[in-house]
Amino acid sequence: MWPVAYPRPHLHEFLEHGPALLSARATAGFLDRASRGSLRIPEDLICDVRAHLDAVTPREQLVLA
């Protein structure tokens, strides 16, 4: 009749696989949607995502872009 709060495992205990980095394409897509959307995303997150995009983009693409 009343809600019961059962103990839950910590997230690192629950996950079966380690995290994978976002690809350059996925990261660029996120930045594009974030810039066009109306959500207020913290600027420090946007800066970190841009830095990630720079890190995962092959050097050849940076020269051509």
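Go through segment 16-32 and give me each residue that's hydroxyl-bearing (Ser, Thr, Tyr) and in a helix (DSSP H, G or I).
THR27
Do the conditions hold for VAL4, that is, is it among the hydrophobic types (A, V, I, L, M, F, W, C) and in contact with a Phe, Trp or Tyr (Cβ under 7 Å, 6 or more places away or on another chain)? Against the criterion (among the hydrophobic types (A, V, I, L, M, F, W, C) and in contact with a Phe, Trp or Tyr (Cβ under 7 Å, 6 or more places away or on another chain)), VAL4 does not qualify. Scanning segment 1-37 for residues that are exposed (fewer than 10 other Cβ atoms within 10 Å of the Cβ) and under 30 Å from PRO58 (Cα atoms) yields GLU16, HIS17, GLY18, PRO19, ALA20, SER35, ARG36, GLY37. Which pairs do you get when a residue that is under 17 Å from ARG25 (Cα atoms) and surrounded by fewer than 10 Cβ atoms within 10 Å (Cβ to Cβ), found in segment 38-64, comes within reach of a residue that is of a type outside the set (D, E, K, R) and at pLDDT below 95, reach meaning Cβ atoms under 8 angstrom, with the pair 6+ apart or on two chains? Correct list of pairs: PRO58/ALA24; GLN61/ALA24. Restricting the first member to segment 3-30 and to residues that are in contact (Cβ under 8 Å) with a residue 12 or more places away in the chain, and the second to residues that are of a type in the set (D, E, K, R), the beta-carbon pairs closer than 9 Å and six or more apart or on different chains are THR27/ARG50.
The values are calculated or read from the model by the stated rules, or taken from the named source; none is laboratory data. As the structure is a computational prediction, the values presented were derived from the model and not from experiment. All Cβ positions, glycine included, derive from the backbone under ideal geometry; neighbour counts span all protein chains shown.
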